[in-house]
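Quick notes on the structure that follows.
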Amino acid sequence: MNDKTFYAAMYLRLSRDDQEKQAGEKSESGSIAGQRELIRSFIREQPDMELYDSYVDDGWSGGNFDRPEFKRMMEDVEAGRVNCVVVKDLSRFGRDYIEAGRYIQKTFPALGVRFIALTDHYDSFLAGTGESSIVLPVKNFINDSYCRDISTKVKSGLEAKRRNGECISPFAVYGYKKDENNKNRLVVDEYAAGIVKEIFEWKISGMAVSAIADRLNQNGILSPREYKNSMGQKYKSGFSGPGHSKWGSASVKRILTSEVYLGHLVQGKSRKINYKVKKTVEKPEAEWDRVENTHEPVISEDDFQIVKELLKTDSRKSPQMGQFGFFTGLLFCGDCGEQMIRRVVRYKGKQKVYYICSTKNRGEGCSRHSIEESVLKMLVENTVKRHANAFLEEKRLFDRAKGQEADFAAVSGYDMEIRRLKQEQDKYYALCAGLYEDLRAGVVTKEEFERLHAGFQQKAGELGKAQEKQENLIRDMFQKGVLSAGRLKAFQDCVELKEIDRHTLSSLVRRISIYEGRRVEIEFYFMDQYGVMLGLNGRQEQADKNSERGA
């Protein structure tokens, strides 16, 4: 390379924030074309300069130097093929004050590379003799400040949209699509939403997350990534590698745990470290932007809550089972708390199915807690039907009392649990008061007083929170009803069905515990609400009897 000839790199850049592309406009922005013409004219007028190549980062931020064409240019610079870099102005080169200064004042001089910013009248060959040596860091600092200011404004705008319930993701979550008239609103994608519903139904039926993924792949259902690509969307996911993407446990679980299918938007789960670094960090759940009822739900609240409970004990299909078990994800050892496992015993051509403790099966202690499947199913079905009948009867009485003269204030005033909690709280407050007398009388030392007083105060505070929780429960029952229409139907179906199906069982039962001697304990959903109804109806019945005696 001739030392008297400068082989120039024409570097052009425009960020997405600066672009205002209209429909039908050429793929290259107008600003890039303007930069090219300006630099080309300059190089053409220089007798000692020859254009080596042009490097265009169209749509890339100047906040950092992680840009494909900039990297290609630097490879040519380091290889000695380029010894001059020409840009329109310093902001096109980059807006990072520190990095831009490092390249212009250290890297390029070390490599013998001339740097020219035309409209800023900067030429590194003349920088040491004029005011440009002072102006350069100032302009770089201004460009950096501009980049930071833009980042802050964009971030504020996105936060406002999230809090307003607008979807700011470039792609709709699987099961939805962007509204054609409002890109920040989700509408149901009927086909994909149908797959989402099937995924929830399969989970409720007892299928493991991995088994659901296998079935989707066997049925030839495109994964969310492949489905979006098939619809013409250039979708890339950080969860998928190169090549064809299939359903996996992670993608199924993301669907089963996403509140978007309830009609709610949950956004802002992560944030960038700063405007110069692309790396993101997860935010605490309390800082997420959650807005309810922003779009049409695909899944009912009841089914979502059932699945949420089942996911806590995700089940695996036994290879001996032709279908998924009736009790999958619901059956536990009453002593060690581990799941019960299904075992098939064959003897002389006959077959019996038992459930035993998985801890004992692994040889790690506990005992078998063995119970035959047919016996367990009969016990559970009879108990669940009795509970459903009792629940529906109490609900009928509760609704009648609520519709007549009872109100929230009246019910919360004599709710048994609230009264018990209040009495317990008063006891701890009394103990606190008594401590002051003991301290003055010298019965306890100051250290003992402080330790005991803090403990009593903490206990009283916990009881106060429990009272508030019970009051909110009663308030919700009066405002929203005892339970949803979907769950009420499950109670009614339970009474009417000759044999309870898996979905009904999952809708009503949270947990079944098995103890030795075939003792079975069943934990139902809505037990708190049931207790409130029992208390109200019992007091109402007593009031009616007292009224009859008075008459």
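The values are calculated or read from the model by the stated rules, or taken from the named source; none is laboratory data. Keep in mind that this is a model prediction, so the values were computed, not measured. Glycine gets a Cβ as well: all are built from the backbone with ideal geometry, and neighbour counts include every protein chain shown. What goes into the accessible areas is simple: the full protein's heavy atoms, side chains included, and nothing from ligands, DNA or RNA. Shrake-Rupley method; radii C 1.70, N 1.55, O 1.52, S 1.80 Å.
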What accessible area, in Å² to the nearest ten, does a 1.4 Å probe give for Ile255? 10 Å²
For the full complex of protein chains and a 1.4 angstrom probe, list Thr359, Thr119, Thr383 by accessible area with the highest value first. Thr119, Thr383, Thr359
Mind ordering 515-521, 73-79 by average Cβ neighbours within 10 Å, highest first? 73-79, 515-521
What's the ranking of 488-501, 81-94 by average number of surrounding C-beta atoms within 10 Å, highest first? 81-94, 488-501
Around Phe449: net Lys/Arg minus Asp/Glu count, Cβ-Cβ under 14 Å: -2
So which of Lys177/Lys395; Lys178/Lys253; Lys197/Lys498; Lys246/Lys269; Lys395/Lys465; Lys253/Lys350 end up more than 31 Å apart by C-alpha? Lys177/Lys395; Lys253/Lys350
I'd like the distance between the alpha-carbon centres of segment 291-307 and segment 159-237, rounded to an integer number of Å. 14 Å
